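These notes concern the structure reproduced below.
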Amino acid sequence: MILKGKAIKYGNDINTDVIIPGRYLNFVKPEELAPHAMENLDPDFFSKFTKGDVIVAGQNFGCGSSREQAAMCLKYAGVGAIVAKSFARIFYRNAINQGLPVIESSEAVDATDNKDVLLIDLDKELIKNVTKNLRFTMQPVPEFLQGIITAGGLVPWLQEKSHS
Amino acid sequence: MASTIAEKILARASGKKEVKSGEIVDANIDLAMSHDNTTLVSEIFKEIDKENVWNSQRIVIVLDHRTPANTITTAENHKLIREFVKKYNIKNFFDVGEGICHQVLTEKGFIHPGMLIVGTDSHTTTAGAFGAFATGIGATDMAAVWSTGKLWFKVPRTLGFDISGELSKYVTSKDIILYLIGKIGADGANYKACEFYGDTIENMSIDSRMVISNQAMEAGAKAAIIPPDKKILDYLKLRDKESFEMIYSDQDAEYEKTFEFDITNTEPQIACPDKINNVKPVSKLTGEKINQAVLGSCTNGRLEDFAIASDILKDKTISKKVRMIVVPASRSVYLEAIKKGYIEIFLKAGAIIVNPGCGPCLGLHQGVLADGESVISSTNRNYKGRMGASGAEIYLGSPATVAASAIKGEITNPKDMIL
Ligand code: SF4
């Protein structure tokens, strides 16, 4: 799977309460959630965002609550992938279950500025910063997790498994 | 091979003799808990297209987050959940008013040492105080558990925390865990199982230990386990549901790192806005004005928390500038607090008591903050916007600090209240 998009950069410890505030957790439909993505941190996020853009962030992205709406709202807002130095563990699982690629690479994060264009090759485990013409490796992802991402999430993956 | 508690529990649950950290296992789940977010889980569960849940006895659902319903949408969600539990014959359903899920699970005897527990709530780690491996998961993972009874885990490495020394008056387990998070950081335990031991932990009540296992999640802990002892056995004797085995680490088990803390002279601690690891001793913050004081949550809404707060609030009046909100963690905590006279003390002091549940912890009702306001709260998160407007400031402290600050209208060292 190859993804391309422009970077939107944030800092460390971006928590689930700023990704999707508690007041929206009654929503279960992705299209209701997406317009509120990142609202507490970056109120213009949804309007300035182009489909396929890549969130680039520091350590511990998605820390806090187990709310899967955090991964859902980003995915349905059109986030192509999240590249971070590290992820909080529940968010990491939720993102994969939603089919949202989550990639760990400290080097890529350090070298990337806002609006740089990134090209991500999940199979080759490579990140290219097209704007700066730099290449980075990423933390390897176990094969079965890659399978879940490629299937589009855990539910389609389970459905595929039960039909094969 | 020598193993830690976390490794032993995951080995047992995945039917293996032993497991190594880093290994991915497919484990059988002993207990699966959800709360108001059952609606999302059930939507996803429908997509997996299963006629039945894997085991209706092992699923527990507690409505606690927005209770009683605060909006029509919430009311509709609660209604869907009631229909769902009826359809799938989920007997372990606790409707609004029973209390916060983590507290209800323990009080009703669902938690035992050695269990593998998942919950669609990050503070599921609370059950680690009973020697269980308990961790938070998202809705899709839970839908998969409901359908198969299994979930994959990467066996985490374990961090050991050896905590020694005697706590002085009005210094509590909340202060200790905030202090620790200040030292190791908001991701200091990410992907790791934590084990807490040492004489400070041994001398702690179960209520106090639950604070440690609960709040440790804020350092990213995957599980926050305290080796079970006689106190746990005595507690479970009154609520016995199933037989269980006490699981301990081997002498030469391998820890990724061990920390030693002597907490003898530790002061009450405060986590300042809006980072959990922005922790300072209360003396650095005294005089900081507050508009609200919150005593409650799955971290600190238990009987012991109410006892220490009422000790400070007895025959005192809360500052006219402060709204103090008290939220019992469960119906049973509420009832006991009435019997012991704590509720009367709070009411006479000018506090507002709301029903058992999450209350204002997640900023939806029962005391939402306006822009520019400050709160001192015994809850567990001080993220921007967590308890209301994104311009509200959240200071986290112990129940003793909350009570003392409510009286003065500013952040106050509870030790100053010792006559
Ligand atoms: S009290 Fe707060 S932290 Fe605890 S379960 Fe409820 S909302 Fe979550």
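Counting only residues that are farther than 15 Å from B:H65 by Cα and either of a type in the set (S, T, N, Q) or in a loop (DSSP other than H, G, I, E, B) (or both), the stretch B:79-105 holds 5 of them. Here is a check on your reading of the model: is B:A216 crowded, with 24+ Cβ neighbours inside 10 Å, under 28 Å from A:G58 (Cβ atoms) and within 16 Å of the ligand (Cβ to nearest atom)? Here the answer is yes, as B:A216 does meet what is asked.
How about the stretch B:3-17: which of its residues are touching a Ser or Thr at 6+ places or on another chain (Cβ under 6 Å) and either in a loop (DSSP other than H, G, I, E, B) or farther than 16 Å from B:A134 by Cα (or both)? Correct list: B:T4 only.
The condition of being within 23 Å of the chain's Cα centre (by Cα), within 15 Å of the ligand (Cβ to nearest atom) and farther than 25 Å from B:Q215 by Cα holds for only one of B:N70, B:N92, that being B:N70.
Could you check the stretch B:339-357 and list, in sequence order, the residues that are surrounded by 22 or more Cβ atoms within 10 Å (Cβ to Cβ) and touching a Gly at 6+ places or on another chain (Cβ under 8 Å)? Those that are surrounded by 22 or more Cβ atoms within 10 Å (Cβ to Cβ) and touching a Gly at 6+ places or on another chain (Cβ under 8 Å): B:P356, B:G357.
When the stretch B:57-72 is filtered for residues that are part of a loop (DSSP other than H, G, I, E, B), among the polar types (S, T, N, Q) and either crowded, with 24+ Cβ neighbours inside 10 Å or more than 13 Å from chain A (Cβ to nearest Cβ) (or both), only B:T67 remains.
Just give me the residues in the stretch B:194-213 being over 30 Å from A:F61 (Cα atoms) and either touching a His at 6+ places or on another chain (Cβ under 9 Å) or among the polar types (S, T, N, Q) (or both), in sequence order. Walk me through how you get there before you give the answer.
Here is the first cut: in the stretch B:194-213, the ones over 30 Å from A:F61 (Cα atoms) are B:198-207.
Of everything in the stretch B:194-213, those that are over 30 Å from A:F61 (Cα atoms) and either touching a His at 6+ places or on another chain (Cβ under 9 Å) or among the polar types (S, T, N, Q) (or both) turn out to be B:T200, B:N203, B:S205.
If the condition is being of a type in the set (G, A, S), within 14 Å of another protein chain (Cβ to nearest Cβ) and surrounded by 19 or more Cβ atoms within 10 Å (Cβ to Cβ), then the stretch A:27-60 contributes A:A37, A:A57.
Can you spot a residue in the stretch A:45-55 that is at pLDDT below 95 and of a type in the set (G, A, S)?
As a first pass, look at the stretch A:45-55 and keep what is at pLDDT below 95: A:45-51.
Still in the list and also of a type in the set (G, A, S): A:47.
Yes: one or more hits.
Within the option set B:K150, B:K222, being in contact with a helix residue (DSSP H, G or I) (Cβ under 7 Å, 6 or more places away or on another chain) and touching a residue at least 24 places away in the same chain (Cβ under 8 Å) holds for one residue only, B:K222. Among what's in the stretch B:199-210 and is within 11 Å of B:P227 (Cα to Cα) and either aromatic (F, W, Y) or open to solvent by less than 10 Å² (accessible area, probe 1.4 Å) (or both), pick the residue that is nearest to the other protein chains (Cβ to nearest Cβ). Of everything passing the filter in the stretch B:199-210, B:R209 is nearest to the other protein chains (Cβ to nearest Cβ). B:T172 satisfies every condition listed in (1) β-branched (V, I, T); (2) open to solvent by 20 Å² or more (accessible area, probe 1.4 Å); (3) within 14 Å of chain A (Cβ to nearest Cβ) except (3).
Close contacts from the stretch B:35-56, counting a first residue that is open to solvent by less than 70 Å² (accessible area, probe 1.4 Å) and assigned to a loop (DSSP other than H, G, I, E, B) and a second that is more than 16 Å from the ligand (Cβ to nearest atom) and among the aromatic types (F, W, Y), with Cβ to Cβ under 7 Å and a gap of 6+ residues or different chains, come to B:V53/B:Y88; B:V53/B:W146. Put simply, of B:T120, B:T140 the only residue that is within 25 Å of B:C361 (Cβ to Cβ), hydroxyl-bearing (S, T, Y) and away from the ligand (no atom under 13 Å from the Cβ) is B:T140. Within the stretch A:110-125, the residues that satisfy the criterion of being touching a residue at least 60 places away in the same chain (Cβ under 8 Å) and over 12 Å from A:I149 (Cβ atoms) are A:T112, A:D113, A:N114, A:K115, A:D116, A:V117, A:L118, A:L119, A:D121.
If a residue counts only when it is more than 21 Å from B:Q215 (Cα to Cα) and within 16 Å of the ligand (Cβ to nearest atom), which helices (runs of 4 or more DSSP H) contained entirely in the stretch B:313-419 have at least 1 such residues?
On the way: elements: B:331-339, B:342-349, B:399-408.
It comes to B:331-339.
Please find, among B:N265, B:N300, the residue that is polar (S, T, N, Q) and either modelled with pLDDT under 95 or surrounded by fewer than 18 Cβ atoms within 10 Å (Cβ to Cβ) (or both). Walk me through how you get there before you give the answer.
Details: B:N300 fails: either modelled with pLDDT under 95 or surrounded by fewer than 18 Cβ atoms within 10 Å (Cβ to Cβ) (or both).
Result: B:N265 is the single residue among B:N265, B:N300 that is polar (S, T, N, Q) and either modelled with pLDDT under 95 or surrounded by fewer than 18 Cβ atoms within 10 Å (Cβ to Cβ) (or both).
Among the residues of the stretch A:109-164, the ones that are among the small types (G, A, S) and open to solvent by 40 Å² or more (accessible area, probe 1.4 Å) come to 2 in all.
Would you confirm whether any residue within the stretch B:33-49 is at negative phi, in contact with a His (Cβ under 6 Å, 6 or more places away or on another chain) and within 16 Å of the ligand (Cβ to nearest atom)? Break it down into steps so the answer makes sense when it comes.
Just the residues of the stretch B:33-49 that are at negative phi, to begin with: B:33-48.
Checking the rest, the ones that are also in contact with a His (Cβ under 6 Å, 6 or more places away or on another chain) come to B:35-36.
Subsequent filtering for residues that are within 16 Å of the ligand (Cβ to nearest atom) retains B:35-36.
Yes, there is a match, as at least one residue in the stretch B:33-49 is at negative phi, in contact with a His (Cβ under 6 Å, 6 or more places away or on another chain) and within 16 Å of the ligand (Cβ to nearest atom).
Please verify whether the stretch B:284-297 includes one or more residues that are within 16 Å of the ligand (Cβ to nearest atom), surrounded by fewer than 23 Cβ atoms within 10 Å (Cβ to Cβ), more than 14 Å from chain A (Cβ to nearest Cβ) and under 18 Å from the mean Cα position of the chain (by Cα). Within the stretch B:284-297, not a single residue is within 16 Å of the ligand (Cβ to nearest atom), surrounded by fewer than 23 Cβ atoms within 10 Å (Cβ to Cβ), more than 14 Å from chain A (Cβ to nearest Cβ) and under 18 Å from the mean Cα position of the chain (by Cα). Out of (1) more than 24 Å from B:L40 (Cα to Cα); (2) within 14 Å of chain A (Cβ to nearest Cβ); (3) free of Cβ contacts under 8 Å to residues at least 60 places away in the same chain, what's the single condition that is false for B:I177? Among (1) more than 24 Å from B:L40 (Cα to Cα); (2) within 14 Å of chain A (Cβ to nearest Cβ); (3) free of Cβ contacts under 8 Å to residues at least 60 places away in the same chain, B:I177 violates only (2).
Summed over the stretch B:366-385, residues that are open to solvent by 20 Å² or more (accessible area, probe 1.4 Å) and either at negative phi or among the charged types (D, E, K, R) (or both) total 5.
Residues that are over 12 Å from the mean Cα position of the chain (by Cα) and more than 30 Å from B:G149 (Cβ to Cβ): does the stretch A:59-80 have at least one? Yes: one or more hits.
The values are calculated or read from the model by the stated rules, or taken from the named source; none is laboratory data. Since we're looking at a predicted model, the values are computed, not measured. With ideal geometry, Cβ positions are generated from the backbone for all residues, glycine too; neighbour counts draw on all protein chains shown. Please note that ligands, DNA and RNA were not included when accessible areas were found on the heavy atoms of the full protein model with its side chains. Shrake-Rupley method; radii C 1.70, N 1.55, O 1.52, S 1.80 Å.
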